[in-house]
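First the structure, in the form of structure tokens, and then the observations on it.
Please treat every number below as a calculation from the coordinates, not as lab data. These numbers come from a predicted model, not from an experiment. Virtual Cβ from ideal backbone geometry, glycine too; neighbours counted across all protein chains shown.
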């Protein structure tokens with residue numbers, strides 16, 4: 001039977017099981033949270049990002065989840081610097097030109113500060129003179145640091161990034177560092 005694990009990856013955790021850091025200081029990895037043999041991440045989530053990761057022992061499923069070829073939608077909440085305009089949201093939705101090419105169209109909308117969201121440790125920097133807001137982005141591709149690069153491209157650097165959904169799987173009910181096994185239907 002295929003194992004599928006949903007993990008809420010905390011901030012400052014590498015999305016791998018081992019760390020071969022160059023400076024010798026230990027960094028937290030998935031092994032600090034999951035002790036299930038034979039499962040591997042289906043895709044990555046940057047060390048400075050939080051939220052949903054899927055791990056599985058099925059290589060084909062891993063490829064279907066992580067490969068842009070299968071267009072599995074991934075939804076993110078991004079706290080961004082500044083007050084985003086409708087034009088900037090429309091640009092994100094159309095796709096923007098990054099150094100590695102134009103991004104595919106995305107769903108982009110402004111949302112209220114999520115009441116359910118846990119505080120981040122360390123907290124996001126706060127500046128009295130610079131407002132911030134939250135947006136929700138749903139992408140069907142997974143380039144390196146794509147959400148951060150897209151929001152910066154439209155003039156709104158990303159302060160905090162939380163992946164909330166991969167396909168039909170959601171972060172619902174998972175505290176940071178918590179995981180659950182799900183059954184495929």
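Provide the FRET efficiency to the nearest 0.05 for the residue 130-residue 70 pair, computing r from the beta carbons and using R0 = 45 Å. Please report the intermediate quantities before stating the final value.
Details: r = 38 Å, r/R0 = 0.85.
In this case the efficiency is close to 0.70.
Restricting things to Cα coordinates, could you compute the convex hull volume per residue of region 1-42 in Å³?
Working: hull volume 3.4 nm³, N = 42.
Enclosed volume per residue, from the Cα hull, is 80 Å³.
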Residue with peak Gaussian network fluctuation, the chain [Cα springs, cutoff 10 Å], from 151, 170, 113: 113
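Could you tell me what % of all Cα pairs in the chain have separations over 19 Å? List each step's numbers first, then the result.
On the way: 10089 of 17020 pairs.
Summing the P(r) of the chain above 19 Å gives 59 percent of all pairs.
Å³ per residue of the Cα convex hull, for region 73-166? Don't skip to the answer; put the middle values down first.
On the way: hull volume 9.6 nm³, N = 94.
Measuring per residue, one finds 102 Å³ for the Cα hull of region 73-166.
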Among 105, 131, 157: highest mean-square fluctuation, GNM of the chain, C-alpha pairs under 10 Å: 131
Centroid-to-centroid separation of region 66-120 and region 135-185 [C-alpha atoms, Å]: 9
Candidates 161, 61, 45: whichever shows maximal mean-square fluctuation once the chain is modelled as a Gaussian network with Cα springs under 10 Å: 61
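Got the relative contact order for region 73-166 handy, in percent, Cα pairs under 8 Å and 6 or more residues apart? Numbers along the way, then the final one.
On the way: 158 pairs, mean separation 48.4, N = 94.
It rounds to 51 percent for region 73-166.
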Quotient of Cα Rg and 2.2 N^0.38 Å for region 114-180, N being how many residues it contains: 1.26
